Amino acid sequence: MFNDDFNDIVQNIIRSKKYKGLYKKTIEHNVKRCLEKYGKKQAERRARKILHQIWSAYYDNKPNFKHIYESFIDKLGINNVTESEIKERIIKILSIQSSTCERITILDNFYKQIFAVTGKPSSIIDHACGLNPLTYFWMNLDSDVKYQAYDIESDLIWFLNSIFEFCKLDNIEAKLGDVLIDEFGYADVVFMFKLLPILEQQEKGSSINVMKSLRCKYLVVSFPIKSLSGSEKGMREFYSNWFKKTIESEKWKFEEILFNTELVFVVCF
């Protein structure tokens, strides 16, 4: 009976317009947990709420990535495109997602300060990446750096890879992946921007286990210092205290960097 309920709910969510393109493993993981915790009557509603919190809440409307890509290449053309022209177009794309929109004003210094701590990496993994891989043009990394980006939305993955291909960036690849479910390889630096609060929404206490499972030299985590509605509500102090308490039993060194729109911790394992 559990399997029948599980399969029915998973298929209902997959067929829905809102969650159609989400990673099946993520949907299954959350449906299973909601069935176990809330039972058949509430499981689907609860699972949809979680999926909204971890994906849909960061967009005013679900983007039409095919249309955005076509507009991107149409405006740029195909010959003699300069980096400044690409960055100008990408800024407009970053603004459609709340998380990356908040990062636009600090991009010129954001990675400078992070890589001043980590050194210039030769490999990066970006978990729950959203549109952040498009900020690669502000990272000033060597052209042979290996950049792997993971997210749970298939249309987004197609879109990112299409942009990278257009820009002839064969060192960057986006893939479907969920840090709560899948296993990942080694990278010098792992990005988990504004991800830990989302992990805690799904599974309380999961953040420390995820961080301990990573294979890297440096982990870069960040937190919003304002809500999606724009209010501060003491978020900087809350997240700073929460993160330090979460990792206090580990022997990890870290540096705390405060930007105008984001709080960053660079952790050395």
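Which condition does residue 55 not pass, out of (1) modelled with pLDDT of 90 or more; (2) surrounded by 13 or more Cβ atoms within 10 Å (Cβ to Cβ), if it passes all the others?
Exception for residue 55: condition (1).
Yes/no matrix, rows are residues, columns are (1) in contact with a helix residue (DSSP H, G or I) (Cβ under 8 Å, 6 or more places away or on another chain); (2) at pLDDT 95 or above; (3) assigned to a helix (DSSP H, G or I); (4) in the same structural domain as residue 23 (by TED's automatic domain parsing):
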residue: 156; (1), (2), (3), (4): yes, yes, yes, no
residue: 162; (1), (2), (3), (4): yes, yes, yes, no
residue: 168; (1), (2), (3), (4): no, no, no, no
residue: 184; (1), (2), (3), (4): no, yes, no, no
residue: 188; (1), (2), (3), (4): yes, yes, no, no
residue: 191; (1), (2), (3), (4): yes, yes, no, no
residue: 199; (1), (2), (3), (4): yes, no, yes, no
residue: 210; (1), (2), (3), (4): yes, yes, yes, no
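Restricting attention to region 104-146, and to residues there that are of a type in the set (D, E, K, R) and within 21 Å of residue 216 (Cβ to Cβ), which single residue is nearest to the chain's Cα centre (by Cα)?
Taking the candidates together, the pick is 126.
Just checking, which of 50, 13 is β-branched (Val, Ile, Thr) and at pLDDT 95 or above?
None of the other options fit; the residue is 13.
Take the residues in region 193-222 that are crowded, with 17+ Cβ neighbours inside 10 Å and among the hydroxyl-bearing types (Ser, Thr, Tyr); name whichever of them is farthest from residue 241 (Cα to Cα).
The residue in question is 218.
Yes or no: region 19-30 includes at least one residue that is over 24 Å from the mean Cα position of the chain (by Cα) and either surrounded by 15 or more Cβ atoms within 10 Å (Cβ to Cβ) or touching a residue at least 24 places away in the same chain (Cβ under 8 Å) (or both).
no
What number of residues in region 31-45 are touching a helix residue (DSSP H, G or I) at 6+ places or on another chain (Cβ under 8 Å), farther than 21 Å from residue 182 by Cα and surrounded by fewer than 18 Cβ atoms within 10 Å (Cβ to Cβ)?
Selection size over region 31-45: 4.
Going through region 75-103 one residue at a time, which ones are within 21 Å of the chain's Cα centre (by Cα) and basic (Lys, Arg)?
Passing the criteria: 87, 89, 92, 103.
Only one of these is more than 18 Å from residue 126 (Cβ to Cβ), without any contact (Cβ under 8 Å) to a residue 24 or more places away in the chain and in contact with a Phe, Trp or Tyr (Cβ under 8 Å, 6 or more places away or on another chain): 254, 243, 238. Name it.
254
Wholly within region 18-135, which helices (runs of 4 or more DSSP H) include no fewer than the required count, namely at least 1 residues that are closer than 21 Å to residue 164 by Cβ?
Per the criteria, 65-76, 83-94, 98-101, 107-118.
The values are calculated or read from the model by the stated rules, or taken from the named source; none is laboratory data. On a predicted model such as this, the values are computed, not experimentally measured, just so you know. Methodologically, a virtual Cβ is constructed for each residue, glycine included, from the backbone with ideal geometry; neighbour enumeration extends over all protein chains shown.
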